[in-house]
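Here is the structure we will look at, set down as structure tokens.
Computed from the coordinates by the stated procedures, all read-outs in this text should not be read as laboratory data. Keep in mind it's a predicted model, so treat the numbers as computed, not measured. Glycine also receives a Cβ, built like all others from the backbone with ideal geometry; neighbour counts cover every protein chain displayed.
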Amino acid sequence: MSEDNTPRIKGVNHITLAVSDLDAAVDFYRDVLGLELRKRWPGGAYLEAGDFWICLSPDEATRQSPHSDYTHLAFDVDNDAFEALAARITRAGARVWKDNRSEGRSHYFLDPDGHKLELHVGTLETRLNAMDLCCAP
């Protein structure tokens, strides 16, 4: 509850991604992105990423190509790890879907099912400060 007793969401708990090939998805998220595989079973997998977790769920209706909109999932990464992780993603053959034009270092790429992902160095505060500098009235 907030100070005024209004119920509020306190953070991201988990994200579920539909996948066409569970083995390929687990390999990508664990071996390329470095998420920790916590549990795997024939119907899915849980991987941990910092303070939240991702569920990979096999689904026959999984997309065949990326959505055309800007919706994406951004992963927080330390500046000193950014280059090595971006290079590992590139070596794994992940396609780039956007060039970075925003505050902070970012690498935009697709997972094996075409989900739009991003590595990002920065915080909400650094983003807000950049917006104040560029977009002040």
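Quick rundown of the values:
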quantity: Gaussian network model of the chain, springs between alpha carbon atoms under 10 Å - residue of Arg63, Arg127, Arg30 with greatest fluctuation; calculated: Arg127
quantity: Debye, to nearest 20: dipole size of segment 63-137, +1 on Lys, Arg Cβ, -1 on Asp, Glu Cβ; calculated: 360 debye
quantity: With Cα atoms, 0 to 90° folded angle of helix 79-91 axis to the chain main axis; calculated: 30 degrees
quantity: In nm, spacing of pseudo-spin labels at Asp23 and Thr90 (7 Å Cα→C-beta vector); calculated: 3.0 nm
quantity: Extension gain, Ala130 back to Asn5 (0.36 nm per residue minus Cα-Cα distance, nm); calculated: 41.8 nm
quantity: Sum of -39500 (n - 2.57) over DSSP H runs of 4+, divided by residues of the chain (222 nm, nearest 500); calculated: -6500 deg cm²/dmol
quantity: Once exposed loop GluC sites (Glu not before Pro) are cut out (DSSP; at most 12 other Cβ, 10 Å), longest piece of the chain; calculated: 61-137
quantity: Contour excess over end-to-end distance, with Cα ends at Lys98 and Asp59 and 0.36 nm allotted per residue; calculated: 11.4 nm
